[in-house]
Number of protein chains: 2
Amino acid sequence: MTQTTSSPASAPNSEAHRDGPLPRQRRTYSIGELAKMFEVTNRTIRFYEQEGLLAPERRGQTRIYSEKDRVRLKLTLRGKRLGFSLAEIREVVMMYDAMPDGNRRQLKRLLEILANKRADLEQQLEDIRLMQLDIDDVERRARDVLASLGDEAND
Amino acid sequence: MTQTTSSPASAPNSEAHRDGPLPRQRRTYSIGELAKMFEVTNRTIRFYEQEGLLAPERRGQTRIYSEKDRVRLKLTLRGKRLGFSLAEIREVVMMYDAMPDGNRRQLKRLLEILANKRADLEQQLEDIRLMQLDIDDVERRARDVLASLGDEAND
DNA sequence: CAAGCACTTTACGTTAACGTAAACCTCGGC
DNA sequence: GCCGAGGTTTACGTTAACGTAAAGTGCTTG
């Protein structure tokens, strides 16, 4: 749940160091499994593929999702909850994948994007903090009023 | 910047206690002023009014925004940054205003909504925490690669 | 072998949150 | 008097992120 870095196959020439308990689970998923697992529709998953966020294999016509796909989906949905657009999410996720090629300009760009994301997240944290305070205040008032009402007869 | 609760006029029968330095600024704003102030377009502000989030006065045909309107706009935009829909924002903001009437069912509903918002915010905090960790990881990797590249010639 | 279930593609529909264009008023200043 | 900078209404256009319907494929199960 907390370990994301897997990169199972397709590693050209760099060995993975410090992998931890390396998940040897060679599981795959159907579209329906993933859909239920994350409480989205099949349509949504296909749409994400169309948008370049997922790239499942095919057994004939049927899509076969790997562990990596599952992680990607998880990250995508998390990004969505935070208000990022699919385009933004794709930009980061794909760069994450394209990293080992070590193109310098790409990496610089990636660091830029990460800095921006960081700033966005900071802003969101601040927003949440403020909004929590507001909610606290509203709730206090509501409870006060409720209490002052005591046991009246309406509802 | 941090104090929100003002409720200047239109308080029917309850005196405001603990008001602090009570902002006696009887300022009003034009639509353009607010727009620049919050870096949105006039259209956006009119749209928010149409959606019941703002209710400026009129001097003839021209809209006159009060301090309260400004606060509402601020809250609305904050809510937006957190991914709430205008409908959700309206529901809370309007109830906040309608509070003094002390309708029991309304208040209960309000407390429900607040609880939900709280849960959402908690989820977002968790998401942010996780995403920050991910970003940290990606950045570390990127910097590693950049470093290992040393001083090559591409770009 | 027929039914059913899960999967597929294609394609048009929908909603939220505005953008944008046209056509109009109105006010202070030169 | 008119002109530019603001304001206004009306209304159609746009984008993202899917929903939904139609029509077909492929397996396995009674």
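For the pair A:Val71 and A:Arg143, what calculated FRET efficiency results from E = 1/(1 + (r/R0)^6), where r is the Cβ-Cβ distance and R0 = 30 Å, to the nearest 0.05? Taking R0 as 30 Å, the efficiency between A:Arg143 and A:Val71 is 0.10. For the residue pairs A:Lys74/A:Lys117; A:Lys80/B:Lys117; A:Lys36/A:Lys117; A:Lys36/B:Lys80; A:Lys74/B:Lys74, alpha carbon separations beyond 21 Å are given by A:Lys36/A:Lys117; A:Lys36/B:Lys80; A:Lys74/B:Lys74. Using a 1.4 Å probe over protein heavy atoms, the accessible area lost on pairing A with B, summed over both chains, comes to approximately 4900 Å². Scanning chain B for the beta carbon that comes closest to the axis linking it by rotation to A yields B:Gly83, 2, distance in whole angstrom. Residues in the range B:62-77 carry Karplus couplings, in order, of 7, 7, 10, 9, 8, 4, 4, 4, 4, 5, 4, 4, 4, 5, 4, 5 Hz; the curve used is 6.51 cos²θ - 1.76 cosθ + 1.60 with θ = phi - 60°, and Gly or Pro positions show x. With its label point put 7 Å out from Cα toward Cβ, A:Arg81 sits 2.1 nm from the same residue's point in the other copies, in order from shortest.
Report, to the nearest whole %, how much of the accessible area of the range B:28-82 belongs to carbon and sulfur atoms, 1.4 Å probe, protein only. For the range B:28-82, the apolar C and S fraction of the accessible surface comes to 45 percent. Annotation for A:Glu139, label-to-label distances across the other copies: 3.2 nm (shortest first, one decimal, point 7 Å from Cα along Cα→Cβ). Residues of the range B:109-132 buried by at least 50 Å² of accessible area upon assembly of all protein chains, compared with the chain on its own (1.4 Å probe): B:Leu111, B:Leu114, B:Arg118, B:Leu121, B:Leu125, B:Asp127, B:Ile128, B:Met131, B:Gln132.
Spacing of the modelled spin labels on B:Arg81 and A:Glu126, each 7 Å from Cα toward Cβ, amounts to 0.6 nm.
The values are calculated or read from the model by the stated rules, or taken from the named source; none is laboratory data. Only a predicted model underlies this, so the values are computations on that prediction, with no experimental measurement involved. Please note: Cβ atoms are built from the backbone with ideal geometry, for glycine as well, and neighbour counts cover all protein chains shown. For accessibility, only protein heavy atoms count, side chains too; no ligands or nucleic acids. Shrake-Rupley method; radii C 1.70, N 1.55, O 1.52, S 1.80 Å.
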